[in-house]
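Working notes for the structure below.
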Amino acid sequence: MGEEEAMVCAAKDTQARKIKKEKHGKTIDKETQKVSCNYCGKVVTSYNRLEHHLAGIRGNVSPCNLVPDSVRQSIRTSLEDRKKDWIARKIGRLKSSELPTVRNPSLTSAQACQPLLQPSASSTDRGDSVNGHRCFVHCTNNLLQPRSTTQAIAPDVSCNASSYQQGGQTIEVTEPPYQNPCVMNKQSEISSVQRINPLSFSMENSSSQMQDSESSMESNNNYLNSRAAKSIGKLIFEAGLEPGILHLPCFKDMVDVLAWAQVSMPTYESIMEEQLKEIQCRARDLKKHWETSGCSVILDSWESRCGKSFISVLVHCNKGMLFLKSIDVSEIIDDVDELALMLLHVVEEVGVLNIVQLITNDASPHMQAAEHAVLKRFGHSFFFTLCADHCINLLLENIAALDHVSEVLIKAREITRFIYSHAVPMELKGKYIRDGEILSSSNLKFVAMFITLGKLVSERINLVEMFSSPEWASSDWASRSSFRHVYEIVKIDNAFWCAAADILKLTDPLVTVLYKLEADNCPIGILYDAMDCAKEEIKRNLQDKHGDYWPMVDDVWDHYLHTPVHAAGYVLNPRIFYTERFSCDAEIKSGTTVCVSRLAKNHYDPKKVAAQMEIYQRKSAPFDSDAAIQQAMQIPQVRWWSAHGTDTPELKTFAIRILSQTCFGAPRYNIDWSLSEQLHVVKRPYPEQERFQKMEYIHYNLRLAHYEPCVRGASGAHQHGRLASQLGDWITSARTTSYYK
């Protein structure tokens with residue numbers, strides 16, 4: 001391809017990429033090339049940075065937390081492919097007609113990605129160097145990891161450290177690429193590696209020499225891979241790290257950097273300070289959003305393995321979650337005054353003007369009394385609400401306590417205990433069960449129970465097939481009495497399976513509420529509607545029997561879950577407001593009025609909000625336009641109010657502060673609080689304790705920066721080693737696993 005043709009193709013490719021990028025972002029300032037992300041609204045300075053933002057590649061821009069996984073992976077793959085092409089072109093410029101091709105289009109991918117070819121020992125012995133410098137032919141081991149490249153020297157060529165003459169033309173040459181000394185020494189010990197003298201290359205023998213070196217290069221790669229695995233293994237096991245570290249994005253970034261860069265080993269203090277600066281910078285950005293959109297303080301109460309009580313304090317806004325600190329409340333758990341003082345300090349640290357609600361998972365009388373004291377101290381200018389996940393889990397706990405439900409759960413537990421306690425059924429489970437898993441890893445215990453029961457019901461046919469398979473029949477377990485009891489439940493006990501299916505008609509709609517909250521970017525705006533839909537689905541499923549269970553649902557809703565914040569979210573959610581199922585009853589009206597009054601503070605005039613609310617509820621201009629009605633289902637609710645609430649500014653401010661909040665807590669983020677437990681339980685000198693506290697702050701904020709809430713529990717890498725953290729007694733009768741409440 002000629003140079004002009006290549007330039008035309010490059011221009012076309014750039015234009016095509018720009019058109020594709022415009023699907024994910026839009027230009028807001030052509031002069032400064034500022035572009036906004038269509039998913040999170042972040043403004044960056046070019047489409048190239050937008051791609052890195054969407055692909056989740058850290059460096060010059062922070063990653064997008066709202067982009068779909070499919071889009072992120074597609075853009076990341078595109079960036080990697082372009083980097084490969086760039087490196088290939090870089091290598092291609094070094095080609096010479098008198099030399100074997102460095103990057104030949106006819107080579108296979110394996111041939112094109114061969115590692116470094118060292119100068120031959122014979123060339124060194126004979127002094128075959130030019131001006132005292134050894135010459136290299138180098139091809140990068142991984143095209144995603146660029147290295148310094150040195151051009152081979154053809155006969156009749158004068159060469160120095162930075163250039164050589166060929167045919168009257170000067171060609172630049174870089175320094176030989178850096179190699180780890182221990183790797184170079186080990187390479188010299190590999191007898192199968194054929195060292196190639198670039199000076200002896202010719203068109204006749206280059207092909208055979210390349211073929212001879214392929215097997216040696218494969219051996220070299222195998223050695224390097226083995227050495228990398230051993231080094232990483234030492235890090236993991238010597239530091240006592242979980243296997244999930246191998247799948248963390250930051251670990252992969254570290255490996256990518258170390259693969260091609262010569263770096264000196266940093267000190268622990270320097271690493272910590274650098275990470276702390278990044279977290280503090282992110283915290284400052286989030287705090288700016290607290291001021292404009294409000295925030296929800298999440299107080300996650302949990303117990304450690306040693307029985308001590310703790311509260312982890314996190315702050316949520318529509319731009320992300322921030323971990324503040326953990327507090328040991330073991331000595332004050334029954335002291336209302338001390339609990340109130342602790343809550344007061346948290347409110348002051350976050351800023352009372354920023355807080356819309358404090359979400360807790362503790363409904364104890366002492367905590368409720370402390371909450372009332374704090375509200376009185378701050379003039380009832382925010383709300384205390386119970387975590388929606390905790391309330392649904394509590395409702396499922398009440399259902400699990402019913403006699404006929406408890407009997408079904410006991411039999412279901414016998415099946416899982418047998419499978420998970422023995423090697424043969426565990427091995428067969430991976431072959432016969434879809435996704436290879438039965439137990440749920442949800443951090444909500446009773447949610448996990450009923451998800452697991454649903455999995456058993458859906459997999460009954462596969463379980464029967466598994467226990468009837470030739471692999472199982474040939475095992476010793478097939479003839480044991482303990483198996484026969486389980487086999488009878490699986491294959492013969494139809495009464496059990498029918499009862500389990502009936503229970504799921506009651507529990508599945510309630511679990512679905514949690515899934516709906518997770519799927520919507522405005523969970524507080526759909527909670528009210530989701531609970532109504534759940535009750536109606538229970539009625540359809542159970543028909544005349546629904547009256548036995550509706551009072552249980554209403555009891556949890558009325559006494560724990562329903563608050564004025566949820567009522568206001570329901571009214572202000574345009575996706576529900578413009579549907580036929582929207583209904584504004586007296587409960588919703590009074591809740592919204594209370595919310596307007598209590599959250600006013602210095603943010604808006606409540607009287608103007610009340611007047612503008614009437615315009616909104618009548619669907620008068622501007623809320624009656626075709627654009628407002630159409631976009632209600634197309635764009636996030638907060639963005640909808642920003643676009644269509646300009647004529648009602650006070651109402652817009654109120655709506656954004658409500659709809660920016662969440663209604664679930666920390667359990668969905670599947671966080672292991674064991675590091676916080678170590679901070680408070682182990683006694684240390686003050687400097688070491690201060691360092692450990694910084695480590696806790698950095699650790700949890702790094703996790704929260706890329707963790708997504710998931711009611712099903714950790715998946716993939718994060719699930720490894722933490723299977724069924726809440727269902728240890730569904731694995732074995734002797735409780736050998738611990739969990740955080």
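The values are calculated or read from the model by the stated rules, or taken from the named source; none is laboratory data. What you see is a predicted model; the values in this text were computed from it and never measured. Note that each Cβ is placed from the backbone with ideal geometry, even for glycine, and that neighbours are counted across all protein chains shown.
So, Trp497, is that one in contact with a Pro (Cβ under 8 Å, 6 or more places away or on another chain), of a type outside the set (A, V, I, L, M) and under 25 Å from Ala412 (Cβ atoms) or not?
no
Which residues, taken from the stretch 601-628, are among the small types (Gly, Ala, Ser) and either touching a strand residue (DSSP E or B) at 6+ places or on another chain (Cβ under 8 Å) or surrounded by fewer than 18 Cβ atoms within 10 Å (Cβ to Cβ) (or both)?
Scanning the stretch 601-628 gives Ala610, Ala611, Ser620, Ala621, Ser625, Ala627.
Only one of Glu536, Glu471, Glu488 is part of a helix (DSSP H, G or I), of a type in the set (D, E, K, R), under 15 Å from Lys429 (Cα atoms) and not assigned by TED's automatic domain parsing to the domain that holds Thr563; which?
Glu471
Out of all the residues in the stretch 34-71, which are assigned to a helix (DSSP H, G or I), within 18 Å of the chain's Cα centre (by Cα) and crowded, with 20+ Cβ neighbours inside 10 Å?
His52, His53, Leu54, Ala55
For the stretch 331-387: of the residues being of a type in the set (Ser, Thr, Tyr) and part of a loop (DSSP other than H, G, I, E, B), which is nearest to Phe654 (Cα to Cα)?
In this case the residue turns out to be Ser381.
State whether the residues of the stretch 291-301 include one that is surrounded by fewer than 16 Cβ atoms within 10 Å (Cβ to Cβ), at pLDDT 70 or above, of a type outside the set (S, T, N, Q) and outside any strand (DSSP E or B).
Taking every residue of the stretch 291-301 in turn, at least one turns out to be surrounded by fewer than 16 Cβ atoms within 10 Å (Cβ to Cβ), at pLDDT 70 or above, of a type outside the set (S, T, N, Q) and outside any strand (DSSP E or B).
Scan the stretch 332-352 and tell me whether some residue there is touching a Gly at 6+ places or on another chain (Cβ under 8 Å) and either under 28 Å from Leu527 (Cα atoms) or of a type in the set (Gly, Ala, Ser) (or both).
The answer is no, given that none of the residues of the stretch 332-352 is touching a Gly at 6+ places or on another chain (Cβ under 8 Å) and either under 28 Å from Leu527 (Cα atoms) or of a type in the set (Gly, Ala, Ser) (or both).
So the check is Cβ under 7 Å with 6+ separation or different chains; which pairs have a first residue in the stretch 61-75 that's under 21 Å from Asn318 (Cα atoms) and a second one that's part of a helix (DSSP H, G or I) and of a type in the set (Gly, Ala, Ser)?
If the second residue must be part of a helix (DSSP H, G or I) and of a type in the set (Gly, Ala, Ser), the pairs left are Arg72/Ala55.
What about Leu453, is it farther than 20 Å from Val556 by Cα, at pLDDT 95 or above and of a type outside the set (Gly, Ala, Ser)?
So Leu453 fits the description; yes.
Would you confirm whether or not the stretch 634-645 contains a residue that is of a type in the set (Ser, Thr, Tyr), more than 30 Å from Val511 (Cβ to Cβ) and part of a helix (DSSP H, G or I)?
yes
Select from the stretch 266-288 the residues that are of a type in the set (S, T, N, Q) and modelled with pLDDT of 85 or more and list them in ascending order.
Once the filter is applied, which keeps residues that are of a type in the set (S, T, N, Q) and modelled with pLDDT of 85 or more, the stretch 266-288 yields Gln275, Gln280.
Could you tell me whether the stretch 461-472 includes any residue that is in contact with a strand residue (DSSP E or B) (Cβ under 8 Å, 6 or more places away or on another chain) and either buried (at least 16 other Cβ atoms within 10 Å of the Cβ) or aromatic (Phe, Trp, Tyr) (or both)?
Within the stretch 461-472 (the criterion being in contact with a strand residue (DSSP E or B) (Cβ under 8 Å, 6 or more places away or on another chain) and either buried (at least 16 other Cβ atoms within 10 Å of the Cβ) or aromatic (Phe, Trp, Tyr) (or both)), the answer is no, since none of the residues qualifies.
Could we say that Pro667 is over 15 Å from Cys317 (Cα atoms), under 24 Å from the mean Cα position of the chain (by Cα) and part of a helix (DSSP H, G or I) here?
Judged against the criteria, Pro667 is a match.
In the set Ala448, Ala412, which member is under 27 Å from Val553 (Cα atoms) and either exposed (fewer than 15 other Cβ atoms within 10 Å of the Cβ) or touching a Gly at 6+ places or on another chain (Cβ under 8 Å) (or both)?
Ala448
Go through the stretch 643-658 residue by residue and tally those that are small (Gly, Ala, Ser) and within 30 Å of the chain's Cα centre (by Cα).
Residues flagged as small (Gly, Ala, Ser) and within 30 Å of the chain's Cα centre (by Cα) within the stretch 643-658 amount to 2.
If His706 satisfies every condition in (1) surrounded by fewer than 18 Cβ atoms within 10 Å (Cβ to Cβ); (2) closer than 26 Å to Ser270 by Cβ; (3) over 19 Å from the mean Cα position of the chain (by Cα) but one, which is the exception?
(3)
Across the stretch 688-714, which residue is modelled with the highest pLDDT among those that are more than 18 Å from Val315 (Cβ to Cβ) and touching a strand residue (DSSP E or B) at 6+ places or on another chain (Cβ under 8 Å)?
So, considering only residues that are more than 18 Å from Val315 (Cβ to Cβ) and touching a strand residue (DSSP E or B) at 6+ places or on another chain (Cβ under 8 Å), the one modelled with the highest pLDDT is Arg712.
Looking at (1) in a helix (DSSP H, G or I); (2) modelled with pLDDT of 75 or more, find the lone condition where Ala11 falls short.
Going through (1) in a helix (DSSP H, G or I); (2) modelled with pLDDT of 75 or more one by one, Ala11 breaks only (2).
List every residue pair whose Cβ atoms lie under 7 Å apart, where the two residues are 6 or more positions apart in sequence or sit on different chains, the first residue falls within the stretch 454-481 and is under 17 Å from Ala423 (Cβ atoms), and the second residue, located anywhere, is hydroxyl-bearing (Ser, Thr, Tyr).
Met466/Tyr432; Phe467/Tyr487
Restricting attention to the stretch 615-651, which residues are out of contact with any Ser or Thr (no Cβ under 9 Å at 6 or more places or on another chain) and hydroxyl-bearing (Ser, Thr, Tyr)?
Across the stretch 615-651, the qualifying residues are Ser620, Ser625, Ser642, Thr646, Thr648.
Name every residue in the stretch 715-741 that is at pLDDT below 70, of a type in the set (S, T, N, Q) and crowded, with 19+ Cβ neighbours inside 10 Å, in order of residue number.
Within the stretch 715-741, Ser725 is the sole residue that qualifies.
Looking at Asp624 and the list (1) more than 26 Å from the chain's Cα centre (by Cα); (2) assigned to a helix (DSSP H, G or I), which single condition is not satisfied?
Tallying (1) more than 26 Å from the chain's Cα centre (by Cα); (2) assigned to a helix (DSSP H, G or I), Asp624 fails exactly one: (2).
Return yes or no: is Leu504 within 33 Å of the chain's Cα centre (by Cα) and either over 30 Å from Leu572 (Cβ atoms) or polar (S, T, N, Q) (or both)?
Judged against the criteria, Leu504 is a match.
Restricting to the stretch 568-586, and then to whatever is farther than 25 Å from Arg540 by Cα and in a helix (DSSP H, G or I), can you tell me which residue is modelled with the lowest pLDDT?
Ala586
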